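The values are calculated or read from the model by the stated rules, or taken from the named source; none is laboratory data. All of these numbers come straight from a predicted model, not from anything done at the bench. We place every Cβ from the backbone using ideal geometry, glycine too, and count neighbours over all the protein chains shown.
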Amino acid sequence: MTRTTYRCTCGARLEFKQDLEKEDALTRRRWKCSQCGTPVPGQFAEKISHQHPS
C-alpha cells in the first residue's frame with residue numbers, strides 16, 4: 001500500500017496522523033495542519049489519519 005502525503009500551503013509535508021489536528025464538527029470530522037492550522041482536504045486527511053510511522 002502506498003502512503004498518502006499532502007503538502008500544506010505553509011510548506012509542511014503531512015504524512016502521518018500526528019501531522020494533523022482533528023476538529024470535531026457537528027456533521028463530520030475536519031482536519032487541520034498541526035503546524036499552521038490550515039484546513040486539509042478530507043480526501044487526503046482521512047487517508048493520512050490512518051497512517052502511522054513504522
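Only one of these conditions is not met by H52: (1) out of contact with any Ser or Thr (no Cβ under 9 Å at 6 or more places or on another chain); (2) modelled with pLDDT of 90 or more; (3) of a type outside the set (A, V, I, L, M, F, W, C). Which number is it?
Every condition holds for H52 apart from (2).
When you check T27 against the structure, is it surrounded by 10 or more Cβ atoms within 10 Å (Cβ to Cβ) and more than 8 Å from the chain's Cα centre (by Cα), yes or no?
In short, no.
Taking region 6-33 as the region of interest, how many residues are modelled with pLDDT under 95 and part of a loop (DSSP other than H, G, I, E, B)?
4
Restricting to region 1-17, count the residues that are touching a residue at least 24 places away in the same chain (Cβ under 8 Å), closer than 18 Å to P53 by Cα and exposed (fewer than 15 other Cβ atoms within 10 Å of the Cβ).
Taking region 1-17 and keeping what is touching a residue at least 24 places away in the same chain (Cβ under 8 Å), we get 3-6, 8-10, 12, 14-17.
This time we only want the ones that are closer than 18 Å to P53 by Cα, so: 3-6, 12, 14-17.
Next cut, exposed (fewer than 15 other Cβ atoms within 10 Å of the Cβ) only: 3, 5.
Qualifying residue count for the region: 2.
Would you confirm whether any residue within region 34-53 is of a type outside the set (A, V, I, L, M), in contact with an Asp or Glu (Cβ under 8 Å, 6 or more places away or on another chain) and outside any loop (DSSP other than H, G, I, E, B)?
Taking every residue of region 34-53 in turn, none turns out to be of a type outside the set (A, V, I, L, M), in contact with an Asp or Glu (Cβ under 8 Å, 6 or more places away or on another chain) and outside any loop (DSSP other than H, G, I, E, B).
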